[in-house]
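Here the structure is laid out as structure tokens; the discussion comes afterwards.
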Amino acid sequence: MISKFGEPKYRAKQVIKWLRNGVDGFEDMKNIPILLRQKLEEECFIANVKIAKKLVSKIDGTVKYLYELYDGEYIESVLMKYEHGYTVCVSTQVGCRMGCKFCASGLFGLTRNLSASEILAQITTAAKDNNIRVSNVVMMGMGEPLDNFENTERFLKLVTHEDGLGIGLRHISLSTSGLVSGIKKLSELNLPITLSVSLHAPSDEIRNKTMPINKKWNIEKLLDACREYQKITTRRISFEYALIEGINDSKECADLLAKRLEGIMCHVNLIPANPVKENTFKKPNIDAIRKFAKYLEAKGVNATIRRTLGADINASCGQLRKKEGHL
Ligand code: SAH
Ligand code: SF4
């Protein structure tokens, strides 16, 4: 674009630097000649996100943002502080069409995909708002990243680029509900990101009830794609398992899960299911969750119970957008 205007290459770097620092508009790019700023204003627009609401956890400082997009749609992001630095959880779509029964993001289907810049802007805006450097990114907010593959791929290029945010691929996790076609495409890119697979059930019988995608690609097909992904990337896979009382939290479920994951170098993240008003799912009590983790460990499966951050601000994605009536 910059070369189209007959401008030297270093101007592009200057513009990117402004964008990286979360500039509001081209007029604020002070080291860019006025005429070029005007041309940019006429031909381009900055896909910024605007903070519509911000909730800060009194327990652990986790910040949850409701962002407004240029077309009046709303998405959510979460900023979390860990010992090793700041992590932002980004959304990749407005809504989601996967329809998982336990999830607030998928309740009303997909409105639209986010562009790569809109995914990036969630990070730059949170960084600017808190005057911090973000070191890790998890693509675990609203939406299914592999259902927005092109923009996800472009985002990964921007966020890792030295002129972009310079965040290493090893510091990025991508969570998917199990779009096998997308996992295959991702394998071909052979990136050292962490693939996080939302499994949530050890059998097709249970998974069919909670995750409609399982009817298209069942657990066997999904785990085959994971094995293939691992063969190519040699990366350990992370499996997400949200425990729902009376549905997937029995010892039989743990035993079957361990059996199915045999031969895959992986880690299981146990998450107490977050209740959503529209469904009757409940999370098991903490003892039942600890027991489930023990059953898995006894079978040699590496499992941890995910620490809940921002419990007082409802940090799970999809819930704030709904509560504020922005659907
Ligand atoms: N669409 C992707 C990424 C976004 S969802 C995916 O499904 O993986 C991020 C994670 O939150 C997923 O593991 C998802 O299954 C989980 N999740 C959604 N609703 C939840 C709830 N009510 N309780 C616990 N985890 C939930
Ligand atoms: Fe979409 Fe993920 Fe929610 Fe399922 S869990 S509806 S894939 S955002």
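The values are calculated or read from the model by the stated rules, or taken from the named source; none is laboratory data. Keep in mind that what you see is a predicted model, and the values were worked out from it rather than measured. Neighbour counts are summed over all protein chains in view; Cβ atoms, including those assigned to glycine, are modelled from backbone coordinates with ideal geometry.
Let's see how each residue does on (1) more than 30 Å from N214 (Cβ to Cβ); (2) out of contact with any Lys or Arg (no Cβ under 6 Å at 6 or more places or on another chain); (3) surrounded by 18 or more Cβ atoms within 10 Å (Cβ to Cβ):
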site: C44; (1), (2), (3): yes, yes, no
site: I51; (1), (2), (3): yes, yes, no
site: G61; (1), (2), (3): yes, no, no
site: Y70; (1), (2), (3): yes, yes, no
site: I75; (1), (2), (3): no, yes, yes
site: C100; (1), (2), (3): no, yes, yes
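Restricting the first member to the range 88-102 and to residues that are within 19 Å of S135 (Cα to Cα), and the second to residues that are in a loop (DSSP other than H, G, I, E, B) and of a type in the set (A, V, I, L, M), the beta-carbon pairs closer than 6 Å and six or more apart or on different chains are C89/M140; S91/M142; T92/L114. When the criteria are applied in full, P202 meets the requirement of being over 25 Å from V159 (Cβ atoms) and in contact (Cβ under 8 Å) with a residue 24 or more places away in the chain.
Rundown of residues vs (1) within 13 Å of ligand 2 (Cβ to nearest atom); (2) more than 27 Å from L296 (Cβ to Cβ); (3) among the acidic types (D, E), yes/no style:
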residue	(1), (2), (3)
K128	no, yes, no
S135	no, yes, no
V138	yes, no, no
L146	yes, no, no
T194	no, no, no
A201	yes, no, no
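With respect to L223, determine if the residue is crowded, with 18+ Cβ neighbours inside 10 Å and either within 16 Å of ligand 2 (Cβ to nearest atom) or among the charged types (D, E, K, R) (or both). The answer is no for L223.
Could you list, in sequence order, the residues of the range 172-222 that are basic (K, R) and either under 18 Å from C100 (Cα atoms) or within 13 Å of ligand 1 (Cβ to nearest atom) (or both)? Result: R207, K209, K215, K216. Screening H171 with (1) buried (at least 18 other Cβ atoms within 10 Å of the Cβ); (2) touching a Ser or Thr at 6+ places or on another chain (Cβ under 8 Å); (3) of a type outside the set (D, E); (4) in contact (Cβ under 8 Å) with a residue 60 or more places away in the chain gives one miss only, at (4).
Considering only the range 176-184, I want to know if a residue exists there that is closer than 24 Å to Y67 by Cβ, within 13 Å of ligand 2 (Cβ to nearest atom) and in a loop (DSSP other than H, G, I, E, B). Looking for residues that are closer than 24 Å to Y67 by Cβ, within 13 Å of ligand 2 (Cβ to nearest atom) and in a loop (DSSP other than H, G, I, E, B), one finds at least one in the range 176-184, hence yes. Here T280 meets each of (1) outside any loop (DSSP other than H, G, I, E, B); (2) among the polar types (S, T, N, Q); (3) loosely packed, with under 15 Cβ neighbours inside 10 Å with one exception, condition (1). Among the numbered conditions (1) at pLDDT below 95; (2) under 18 Å from S175 (Cβ atoms); (3) out of contact with any Lys or Arg (no Cβ under 7 Å at 6 or more places or on another chain), the only one that A104 does not meet is (3).
Exactly one residue out of E262, E245 is modelled with pLDDT of 95 or more and more than 19 Å from the chain's Cα centre (by Cα): that is E262.
Being of a type outside the set (D, E), crowded, with 16+ Cβ neighbours inside 10 Å and not in a strand (DSSP E or B) is a condition met by at least one residue of the range 77-91. L165 falls short on exactly one of the conditions (1) assigned to a helix (DSSP H, G or I); (2) more than 15 Å from ligand 1 (Cβ to nearest atom); (3) touching a residue at least 60 places away in the same chain (Cβ under 8 Å), and that condition is (1).
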